[in-house]
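Data first, discussion second: the structure below is written as structure tokens.
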Amino acid sequence: MTEKVISVERVIPASAQQIFDLLADPSMHPVLDGSGTVKRSAESNPARLRLGARFGMGMRLVGPYRVRNKVSEFEEGRRIGWHHFANNVWRYELEPVDGGTRVRESFDYTRGLFPRFVLKALGFLDRTPAAMERTLENIEQHLAGRAASD
């Protein structure tokens, strides 16, 4: 973890493409989210994300709100990232390894609108690593459940 990037990683027993396909489907984000804040995918979202795609989520933290994102990083099967109005980037990097895929999820606030002390005061920096760990666990469980039903 660098000063303005929080990252967690996990080896998931699935192909990079299977994981990428989940991440590139905005309708799956409420299912995969480990923070409990992503409640629904906007009806106007594209079926699959691509570089430059815009998509929205219905969120809830203290109260309900909406956020619009733009895909700013995209390498099919390897890397996807998006940012919202505050320029914080949520990024997933996928690397095939023995036993599956190493998935690294990062929250990068290097160019973010809010300084570190604001994110820290709101408790965001303390909650984020555990929420990301839960997201990676959710991805793994979702894929395991899908494999079991095949």
Rounded to the nearest 10, the angle in degrees between the Cα long axis of helix 124-149 and the longest principal axis of the Cα atoms of the chain comes to 20 degrees
Over the chain, what is the mean sequence separation of C-alpha contacts under 8 Å (at least six apart), divided by residue count, expressed as relative contact order in percent?
29 percent
Calculate the length of the line joining the C-alpha centroid of the range 3-17 to that of the range 31-53, in whole Å.
18 Å
Can you compute 3J(HN,Hα) from phi for each residue in the range 53-65, using the Karplus curve 6.51 cos²θ - 1.76 cosθ + 1.60 with θ = phi - 60°, rounded to whole Hz and x for Gly and Pro?
5, 10, 8, x, 9, x, 10, 8, 10, 7, x, x, 7
Under 21 Å from Lys120, Cα to Cα: lysines that are on another chain or at least 8 residues apart:
Lys4
Using a cut-off of 19 Å between alpha-carbon atoms, which aspartates and glutamates can reach Lys70, once sequence neighbours fewer than 8 places away in the same chain are excluded?
Asp21, Asp25, Asp33, Glu43, Glu93, Glu105, Asp108
Estimated inter-spin distance, Lys4 and Gln17, nm [label 7 Å along Cα→Cβ]:
3.7 nm
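Would you calculate a helix-derived [θ] at 222 nm for the chain, using -39,500 (n - 2.57) for each DSSP H run of n ≥ 4 and dividing by the full residue count, to the nearest 500?
Values: 4 runs with 44 residues, N = 150.
For the chain, the value works out to -9000 deg cm²/dmol.
Given R₀ = 25 Å, what would the calculated FRET efficiency be for Arg50 paired with Ala144, taking r from the Cβ atoms and rounding to 0.05?
On the way: r = 27 Å, r/R0 = 1.09.
E between Arg50 and Ala144, to the nearest 0.05, is 0.35.
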Simple label model, 7 Å out from Cα along Cβ direction - Val67 to Asp98, nm
3.8 nm
Quick one: which residues, 5 or more positions from Met59 or on another chain, have an amide H under 5 Å from its amide H? H modelled 1.01 Å from N in the peptide plane, none for Pro or chain starts.
Lys39, Tyr65, Arg66, Val67
Overall dimensions of the chain as given by Cα atoms, namely Rg and Dmax in Å:
14.8, 47
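Read the figures in this text as sums done on the coordinates, not as results from a lab. All values derive from a computational prediction rather than experimental measurement. When we count neighbours, we look across all protein chains shown, and the Cβ atoms used for this are built from the backbone with ideal geometry, even at glycine.
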